[in-house]
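Notes follow the structure.
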Amino acid sequence: MLTRRSAFASLVMAAPLAAPWIRTAAAQGRELRFGSPWPTTSTPHVALVTFAREVEQATQGRIKVRVFPDSQLGDIQALINGLQLGTVDMTYLAIGNAGVLRGGGALNVAYVPYLFNTKQDAERIANSPVFRELYDTLAQQSGARIFAVHGARSPRGLQNSKRAVAKPEDVRGLRIRIPPIDGLRLAFEKLGARPVVLGLGDTYQAISRNQVDGHENGIDAAIGYKWYEVAKHWTQTSHVFETAAFYANEKLWQEFSPADREVIMEAARKGGADMTAATEDLDAKGLETFRANGVTITEPDIQAFRITLRDVAAPLEGRVWPEGLVARLRAMQG
């Protein structure tokens, strides 16, 4: 089992940029440097193993992918910087990580609560022309491109040390750890909670010391960090379906032929499918781990949460992303 410091701390803890970039460009092909913040024991790493294998097989070794896991080439910010500089060829992050880049702010729309109805909707729409326009803007303005979005993380839920949560009113007064994402901050303020921005690696101690009451995140993070040891109430609110994104240096992407781009995108699709399967397995086992450790699992009134949070991100319309984008994305679902 992953420790809370090994599986996810690489997402938030700084690490120096590794050795200078070297791209092998022999007559028969090239080797790509794929930097990853994920450890080899994590479900996202499953996607990268498949991706590297599929690219090499489909190009008969002409393009090789060398994966550097566990922040060997730096943490998330270092990897993003490396993409822009060309010292990192590719990486595998959340869509929202592009929000810090010029031209990437609109991608924070992916974290609007209950924007997507299912993980399948989230992946399909993240690869639609609507999002591809946003990826093009990101690439043009930042030099970093999202070329494919595949691989579902655990749906986000709510875990706390105080009480069972079944309906929106039950959240009132809870101090909940959140990432620095405005849509999630507005959501938990609307629910009457006190959102606290805090590093993932600091959350366990914060809960155990009564500095916060819990967190909102997926079962994958809850298991990786062993938050079930200090927070004994879990509710699968599924307020965000998050799909991982494959990033590439834009100059490199433009050097690929159309045929090679198709090969790379298909490899990303297959890698993401393997990650999704691994995450679903982890989610099922995670619930068993919760029960074995005395965690009460409460079924929420999802419709009540949806109604309460439906328009919570309205203040961000026309400011962080284009006016009407949320309605447009919701209309793409059944």
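Side notes on the structure shown:
- A crude spin-label estimate for the pair R209 and R53, with each label 7 Å from Cα along the Cβ direction, gives 4.4 nm.
- Averaging Cα coordinates gives a centre for the range 259-285 and one for the range 288-311; these two points are 27 Å apart.
- Debye equation applied to the C-alpha atoms of the chain, log10 I(q)/I(0) at 0.06, 0.07, 0.15 Å⁻¹: -0.20, -0.28, -1.27
- Relative contact order computed over the range 112-211 (Cα-Cα under 8 Å; 6+ residues apart), in percent: 21 percent
- Sites I302 and A277 - FRET efficiency at Förster radius 30 Å, r taken between beta-carbons, to 0.05: 0.80
- Cross-link partners of K167 among lysines, defined as those whose alpha carbon lies under 26 angstrom from its own and excluding same-chain residues fewer than eight positions apart: K119, K190, K226, K232, K285.
- Between L32 and K64, V65, R66, the built amide H atoms are under 5 Å apart, and every one of these is 5 or more places off in sequence or on another chain.
- Translational D in µm²/s for the range 170-247 (Stokes-Einstein at 4 °C, 1.567 mPa s, Kirkwood Rh from C-alpha pairs): 99 µm²/s
- Efficiency of FRET from Cβ geometry, V197 and T137, R₀ 35 Å, rounded to 0.05: 0.85
- Virtual spin-label span in nm between T289 and Q72, 7 Å along Cα→Cβ: 2.5 nm
- Long-range amide H partners of Q72 with built H, under 5 Å: S36
- Viscosity 0.890 mPa s, temperature 25 °C, Stokes-Einstein D of the range 83-235 from Kirkwood C-alpha radius, µm²/s: 146 µm²/s
- Annotation: the antiparallel percentage among DSSP beta bridges lying fully within the range 24-125 is about 10.
- Extended-chain gain in nm, criterion 0.36 nm per residue less alpha-carbon gap, A331 and Q254: 24.5 nm
- Total charge dipole magnitude, the chain, about the Cα centre, Cβ charges on Lys, Arg, Asp, Glu only, Debye to nearest 20: 500 debye
- For the chain: relative contact order, % (alpha-carbon pairs under 8 angstrom, 6 or more apart): 25 percent
- Based on every Cα atom in the range 221-281, Rg and the maximum pairwise Cα distance Dmax equal 17.6, 52 Å.
Coordinate-derived values only; no laboratory data. The structure displayed is predicted, hence computed values, not measured ones. Please note: Cβ atoms are built from the backbone with ideal geometry, for glycine as well, and neighbour counts cover all protein chains shown.
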